[in-house]
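These notes are about the structure you will find just below.
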Amino acid sequence: MQLPSWLVGHAAYEPKHDRDSFLRKNVLSLASALLVLRTEALPADELSALDRLLSLVAAPVRLVSAVVLVACVSLAKNMAFAWIMLALGLVVLCLRPARMIRPVLAAALLAGGVAFLVNAPALLLGQTTAPVRMGTKTLVTVGMVASIAQSLGPDGLVAALRGCRLPAQVVMTVDLALRDVVLLGESARTLSEALELRSVGHDSTKTSSAAGVMGVTFLLAHNKAVARAEAMELRGYGDGMREVQRKAVQINAATMVYGICVALLVVLFAYLEVSLA
């Protein structure tokens with residue numbers, strides 16, 4: 001039996017020239033930014049000496065301290081405290097392994113760059129310091145949040161929220177959000193890369209194709225939410241969550257020293273606000 005000519009012929013696929021700068025610079029960047037939220041705690045043997053000391057501090061104290069310091073940086077009227085926290089953050093990063101530095105820097109630089117660009121039009125109104133101020137504050141606060149999230153890991157964050165006496169529903173919502181947003185980020189990035197490689201839907205700017213990626217991601221999120229709700233209902237979670245017995249926060253020497261250091265930073269913030277007003 002002889003094969004048809006169209007089957008034995010040489011097939012050379014040459015995709016049409018298509019612009020994908022919008023897809024690479026926007027959709028893929030946003031999807032990859034979600035992957036930064038993946039909080040995986042490193043094994044004990046890979047931790048730096050600083051992280052080994054911080055592991056002795058109670059997780060709820062570290063979480064509350066991070067919230068307080070982020071609030072201080074955000075409320076600061078002058079940039080002195082923000083520069084001090086930026087210097088401290090860089091020192092902490094220098095003491096950590098490269099595997100922990102990259103995700104924190106990626107999240108902080110991306111958020112700080114976006115804040116700078118958003119406030120750049122203020123230059124036309126004479127507010128010359130607004131972009132730098134907002135960009136630096138965003139860089140510091142996002143870096144602090146990413147650093148504490150990566151240092152604690154997902155289990156540590158859940159333990160810290162439980163130690164803060166939050167309702168079980170709030171703890172469960174945060175836990176599911178941290179885990180699912182990474183899965184959605186991976187799905188969105190995979191779809192965007194496939195769209196870029198195959199150039200599906202000839203579009204000069206890829207805006208319509210990007211809308212399709214966002215639509216598929218929304219459908220995936222909806223399907224995951226429905227499946228999880230049904231699974232929880234089948235396992236007896238439909239009538240409400242049971243309160244998990246919480247252990248009292250153990251105040252050891254490391255926790256006391258950490259709390260004193262944070263208190264001194266808050267005092268420094270108040271002094272700078274009054275003296276430089």
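Contact map, segment 159-188: first residue open to solvent by 60 Å² or more (accessible area, probe 1.4 Å), second residue of a type in the set (Val, Ile, Thr) and part of a helix (DSSP H, G or I), Cβ cut-off under 6 Å, separation 6 or more or different chains; pairs are Arg162/Val171. Here Met214 passes the criteria (1) at pLDDT below 80; (2) closer than 25 Å to Val70 by Cα except the one numbered (2). For segment 97-111, the condition holds for no residue, the condition being that it is at pLDDT 85 or above and either of a type in the set (Phe, Trp, Tyr) or in contact with a Phe, Trp or Tyr (Cβ under 7 Å, 6 or more places away or on another chain) (or both).
Take the conditions (1) free of Cβ contacts under 8 Å to residues at least 40 places away in the same chain; (2) touching an Asp or Glu at 6+ places or on another chain (Cβ under 8 Å); Phe116 misses just one of them, which is (2).
Within segment 107-149, work out how many residues are open to solvent by 50 Å² or more (accessible area, probe 1.4 Å) and out of contact with any Leu (no Cβ under 8 Å at 6 or more places or on another chain).
Taking segment 107-149 and keeping what is open to solvent by 50 Å² or more (accessible area, probe 1.4 Å), we get 109-110, 114, 116-118, 121, 123-129, 132-134, 145.
Remaining after also requiring out of contact with any Leu (no Cβ under 8 Å at 6 or more places or on another chain): 110, 114, 116-118, 121, 123-129, 132-134, 145.
Within segment 107-149, residues that are open to solvent by 50 Å² or more (accessible area, probe 1.4 Å) and out of contact with any Leu (no Cβ under 8 Å at 6 or more places or on another chain) number 17.
The values are calculated or read from the model by the stated rules, or taken from the named source; none is laboratory data. Everything numeric here is computed off the predicted structure, so don't read it as measured data. FYI the Cβ positions are ideal-geometry reconstructions off the backbone, even for glycines, and counts take in every protein chain you see. Surface accessibility is based on the protein's heavy atoms, side chains included, excluding ligands, DNA and RNA. Shrake-Rupley method; radii C 1.70, N 1.55, O 1.52, S 1.80 Å.
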